[in-house]
Amino acid sequence: MKNKIDLVVRIAVALILVQTLYFKFSGAAESVYIFSTLGIEPVGRIGSGIAELIAAVLLLIPNLVWLGAGLALGVISGAILSHLTVLGIVIMDDGGTLFILALLVFFGSAFLLWKRKKQIPIIEKFFK
């Protein structure tokens with residue numbers, strides 16, 4: 001059962017990350033608005049999209065889940081911080097959907113990273 005939960009979380013986080021790529025890479029109005037407001041359009045939009053794509057792929061490779069979760073956690077932490085400090089929770093009348101998805105990615109990635117803490121090369125020695 002634990003392996004099934006893990007797999008569901010991996011797939012869910014990867015799907016959320018991949019789902020946003022269309023909007024980032026196509027220059028959708030909402031994405032352009034977000035990154036323009038942050039003052040990092042288009043580099044931030046494309047760069048974060050590439051990082052999210054890499055994280056999503058790594059989440060699906062069993063031996064590299066820890067790396068994908070760590071990358072996703074880093075990228076999404078920036079998104080959450082941006083929501084809380086500059087953008088606000090609701091973006092262009094989305095009802096907070098982007099913020100909620102960011103929280104799901106954050107907690108899912110944190111869960112996956114915690115489960116694999118012994119696989120992380122830098123800190124594995126502390127868990128032997």
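Quick look at the numbers
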| quantity | calculated |
| --- | --- |
| Single residue of Leu67, Leu112, Leu98 found to be in contact with a Phe, Trp or Tyr (Cβ under 9 Å, 6 or more places away or on another chain) and either surrounded by 12 or more Cβ atoms within 10 Å (Cβ to Cβ) or free of Cβ contacts under 8 Å to residues at least 40 places away in the same chain (or both) | Leu112 |
| Index of the failed condition, Ser31 passing every other in (1) closer than 18 Å to Ile120 by Cβ; (2) out of contact with any Asp or Glu (no Cβ under 7 Å at 6 or more places or on another chain); (3) not acidic (Asp, Glu) | (1) |
| Sole residue being among the aromatic types (Phe, Trp, Tyr), more than 16 Å from Phe107 (Cβ to Cβ), assigned to a helix (DSSP H, G or I) and within 15 Å of the chain's Cα centre (by Cα), chosen from Phe35, Phe23 | Phe23 |
| Only listed residue being more than 17 Å from Leu103 (Cβ to Cβ), outside any loop (DSSP other than H, G, I, E, B) and free of Cβ contacts under 8 Å to residues at least 60 places away in the same chain, chosen from Ile40, Ile11 | Ile11 |
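To keep it simple, each residue is scored yes or no on (1) at pLDDT 95 or above; (2) within 14 Å of Ala14 (Cα to Cα); (3) aliphatic (A, V, I, L, M); (4) within 9 Å of the chain's Cα centre (by Cα).
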| position | (1), (2), (3), (4) |
| --- | --- |
| Ala55 | yes, yes, yes, yes |
| Leu60 | yes, yes, yes, no |
| Leu67 | yes, yes, yes, no |
| Leu73 | yes, yes, yes, yes |
| Leu81 | yes, no, yes, no |
| Ile91 | yes, no, yes, no |
| Val105 | yes, yes, yes, yes |
| Lys115 | no, no, no, no |
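The values are calculated or read from the model by the stated rules, or taken from the named source; none is laboratory data. Everything numeric in this text was worked out from a predicted model, so none of it was measured. Heads up, the Cβs are rebuilt from the backbone with ideal geometry, glycines too, and the neighbour counts pull from every protein chain shown.
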